1. Run down Pro25, Pro53 and say which single residue is assigned to a loop (DSSP other than H, G, I, E, B) and at pLDDT below 75.
2. Out of the residues in the range 60-73 that are at pLDDT 80 or above and surrounded by 13 or more Cβ atoms within 10 Å (Cβ to Cβ), which is farthest from Thr110 (Cα to Cα)?
3. So for the range 29-36 (the condition being under 14 Å from Arg6 (Cβ atoms), in contact with a Gly (Cβ under 9 Å, 6 or more places away or on another chain), open to solvent by 70 Å² or more (accessible area, probe 1.4 Å) and modelled with pLDDT of 85 or more), does at least one residue qualify?
4. Please enumerate the residues belonging to the range 4-21 that are open to solvent by 90 Å² or more (accessible area, probe 1.4 Å) and assigned to a loop (DSSP other than H, G, I, E, B).
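The values are calculated or read from the model by the stated rules, or taken from the named source; none is laboratory data. Please read all numbers here as calculations on a predicted model, not as lab measurements. Here the Cβ is made from the backbone with ideal geometry for all residues, glycine too, and neighbour counts use every protein chain on show. All accessible areas refer to the heavy atoms of the entire protein, side chains included, with ligands and DNA or RNA removed. Shrake-Rupley method; radii C 1.70, N 1.55, O 1.52, S 1.80 Å.
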Amino acid sequence: MCNGTRLLIKELKDNLIVATIITGPAAGQLAHIPRIPMIPTDLPIPFKRVQFPVKLSFALTINKSQGQTFELVGIDLRKECFTHGQLYVGLSRVGSADNQFILLPQNKTTSNIVYREVLTQ
């Protein structure tokens, strides 16, 4: 496993996390993550800290974010939004454009998708 591997936690034990890998070539396999003792050598007082080598992250779909307010928003536009309203909701969840981050590959644009047949009925 390396940075960016996504896991689905199955069991949390005192000294072990059991998870299923959900991305990459090892998708579907079980992963056992042990606690790692960390003993700093650059401090005058010796101590031992034990922690899991994982970083917690959260993701939320655009539809679930409606009505929420966030400090930072990141939007992945490698796959187009289903409707224009989704992009608007995603971008309007934060107060400042400085706190919006959009992932869009170089030389690619995103479309304002409007279904005219729905609007005329």
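1. Numbers: Pro25 fails: at pLDDT below 75.
Only one candidate qualifies: Pro53.
2. Of the range 60-73, the ones at pLDDT 80 or above are 69-73.
Retained after the next criterion (residues that are surrounded by 13 or more Cβ atoms within 10 Å (Cβ to Cβ)): 70, 73.
On the way: Phe70: 23, Val73: 18 Å.
Across the range 60-73, the extreme among qualifying residues is Phe70.
3. No; the residues of the range 29-36 include none that is under 14 Å from Arg6 (Cβ atoms), in contact with a Gly (Cβ under 9 Å, 6 or more places away or on another chain), open to solvent by 70 Å² or more (accessible area, probe 1.4 Å) and modelled with pLDDT of 85 or more.
4. Arg6, Lys13, Asp14, Asn15
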